[in-house]
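*Asks:* Let me give you the structure first, and then I'll get to my questions.
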Amino acid sequence: MPANATNCALLPQELIRLKRDNQPLPAEEIKAFVQGIADDRISDAQIGAFTMAVFLNGMNREEVVALTTATRDSGHVMQWDSLNLSGPIVDKHSTGGVGDLVSLVLGPWVAACGAFVPMISGRGLGHTGGTLDKLESIPGYDPYPAPERFREVVKSTGVAIIGQTAALAPADKRIYGVRDVTATVESIPLITASILGKKLASGLDALVMDVKVGSGAFMPTPEKSRELAKSIANVATQAGTPTTALLTDMSQPLAPCAGNAVEIVETLALLRGERPNSRVMHVTRELAVEMLMAGKLVANREEALTKLEKALTSGAAAEVFARMVRELGGPSDFIERSEHYLPKAKVIKPVYAEQAGDAPQTVQRIDTRAVGMSVVELGGGRLRNDASIDHSVGFTDIVEIGESVEIGESVDSQRPIAIVHARSEAAAERAAEQLRAAFTMGEGAASADALIQDTFCGEAR
Ligand code: URA
């Protein structure tokens, strides 16, 4: 077959021409084009021209649904029927953030309530942390089990958090790679199809999406975050997976820590029920409520909250996390002896805000993206795709917007804006400077944005 031949009626260049001229593309043509991408019959140049045409001219809902389902179907789509699971298969996906350890608590928590969660997670991307990187702080944890083992763990434990394999949505790997180098990442139709193409390949009954908004969000403006949330909820639902999207605040780190091992420490505290009213637990609880309702495990919000409370206070959620770690190769006494297993940084020291007058200073704003980039620079994230990371570094005890650090008469009365965990004194000093620059301090009160800013229930038209 010629290099650019496909099975569709249109030649690839004709399909590209249609989109270039702002014409809608038939679903069957999109499907054949995407299959040609997965089969390597479409060239990178053609993918680049196609994504630029979509970037410039957009797509209608039917086209995005077709692109999403074609991406999903370009590889293996998981089937769960033969396992006769006793509950629904549900999952959550987030656009990513800083101190966003939600998946680590949410998966075990909803599994303890009767759901099954086959969670395919990613590594850190740009300034955002990655669930897989955090889990790899745990010695022995295997994020790439054989597919059969993954299914067994989901069945026996209720949740397994693992990495993306090449078998799932292979067309997206090529499309994303080309978008990355052709200035076509920031397109709502392409982002929607890319995220959902991968996520829906895990054969879900329902999905809940956490779209972040604020200074640490992937999308550049609140309007764009909102547009993406609506697009994902509607497209996934129309593609056959009922989906709700929550718009949640990322104008400051969600948990009071950012890094890898330090976020596992916080996860264990949250699963033990230690900070039930923290910001991160508030967001996690709201997502959990949506998952239990979407999976029809409860009739309403009140029932969901009662079930979740019981799963947390009884220790059931923590036990599910412990079992998942054990089943995927981690220590069998991990949650009892996590201190013994998790790596610790060589240098751990407080970071103080600059002295700025005698009046008490309050956190007014946080450049959350800069906090995430500082974690990357400490070694907690990657500068290159293939680089290894240092799981021990990061920040803990990060103060929130509106909190006072009481700079004034005596240094003794000061509260640090965070504790830095670093490989060396020099790295700690540099991170401290970056953190101070990311915090805007000032006199007078300041309040954080609402944690849950909107909810979009997907509509299948
Ligand atoms: N994450 C993805 O998986 N795809 C995108 O296009 C953007 C973020």
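We did not get these values from a lab; they are worked out from the coordinates using the rules stated. Quick caveat, the model's predicted, so the values are computed rather than measured. We place every Cβ from the backbone using ideal geometry, glycine too, and count neighbours over all the protein chains shown.
*Asks:* How would Val375, Val153, Val283 line up from fewest to most surrounding beta-carbon atoms within 10 angstrom? Before the final figure, lay out the partial values.
*Replies:* Working: Val375 31, Val153 21, Val283 26.
Fewest-to-most ranking of Val375, Val153, Val283: Val153, Val283, Val375.
*Asks:* Quick check for you: which residues of the range 137-174 have the amide N under 12 Å from the point 7 Å beyond the Cα of Leu83 toward its beta carbon?
*Replies:* Only 147-162 pass the distance filter.
*Asks:* Give me a comma-separated list of calculated 3J(HN,Hα) values for the range 338-348, in order, Karplus coefficients 6.51, -1.76, 1.60 applied at θ = phi - 60°, integers in Hz, x for any Gly or Pro.
*Replies:* Along the range 338-348, the couplings run 4, 4, 6, 9, 7, x, 10, 6, 5, 10, 10 Hz.
*Asks:* So, one more: Remind me, relative contact order of the chain in percent, using alpha carbon pairs under 8 angstrom and six or more residues apart? Walk me through the intermediate numbers first.
*Replies:* On the way: 992 pairs, mean separation 88.1, N = 461.
Reported relative contact order: 19 percent.
*Asks:* Suppose every Lys and Arg Cβ carries +1 and every Asp and Glu Cβ carries -1, with no other charges. What dipole size does the chain come out with about its Cα centre, to the nearest 20 debye?
*Replies:* Details: 45 positive and 58 negative charges, 196 e Å.
In total the dipole reaches around 940 debye.
*Asks:* Which loop-located GluC sites (Glu not before Pro) does the range 144-188 contain, where loop means any DSSP state but H, G, I, E or B and the Cβ has at most 15 other Cβ atoms within 10 Å? Provide the component values of the computation, followed by the final result.
*Replies:* Working: sites: Glu148, Glu152, Glu186; in loops: Glu186.
Those satisfying the criteria are Glu186.
*Asks:* Order these peptides, 423-436, 285-298, by their mean beta-carbon neighbour count within 10 angstrom, highest first. Mind dumping the intermediate values first?
*Replies:* On the way: 423-436: 17.0, 285-298: 22.4.
So the peptides 423-436, 285-298, ranked by packing, come out 285-298, 423-436.
*Asks:* If I histogram all Cα-Cα distances within the chain using bins 20 Å wide from 0, what percent of pairs lands in each bin?
*Replies:* Binned Cα distances yield the sequence 25, 55, 20, 1.
*Asks:* Which whole-angstrom value gives the distance between the alpha carbon centres of the range 386-445 and the range 152-230?
*Replies:* About 31 Å separates the Cα centre of the range 386-445 from the one of the range 152-230.
*Asks:* OK, next. Roughly what % of DSSP beta bridges within the chain run antiparallel, to the nearest 5?
*Replies:* Values: 21 of 39 bridges.
If I count the DSSP bridges inside the chain, around 55 percent turn out antiparallel.
*Asks:* What residues from the range 34-56 fall in the zone where the backbone N is under 13 Å from a label point 7 Å along the Cα-to-C-beta line of Glu227?
*Replies:* Only 55-56 pass the distance filter.
*Asks:* Hey, got the Cα dimensions of the range 392-455 along the principal axes, in Å, largest first?
*Replies:* Cα spread of the range 392-455 along its principal axes, largest to smallest: 42, 37, 17 Å.
*Asks:* Taking the Cα-to-Cβ direction at Arg365 and at Asp40 and moving 7 Å from each Cα, how far apart do the two end points lie in nm?
*Replies:* If labels sit at Arg365 and Asp40, their model points lie 4.9 nm apart.
*Asks:* Rounded to whole Å, give me the distance from the Cα center of the range 271-324 to that of the range 76-110.
*Replies:* If we compute the Cα centre of each part, the gap is 13 Å.
*Asks:* Then there's this: Run the simple label-point estimate for Glu354 and Asp142 please: 7 Å along Cα→C-beta, distance reported in nm.
*Replies:* Computed distance between label sites Glu354 and Asp142 equals 5.2 nm.
*Asks:* Based only on Cα atoms, what mean projected area does the convex hull of the range 181-333 have, in nm²? Walk me through the numbers on the way to the answer.
*Replies:* On the way: hull surface 43.9 nm².
The directionally averaged projection comes out at 11.0 nm².
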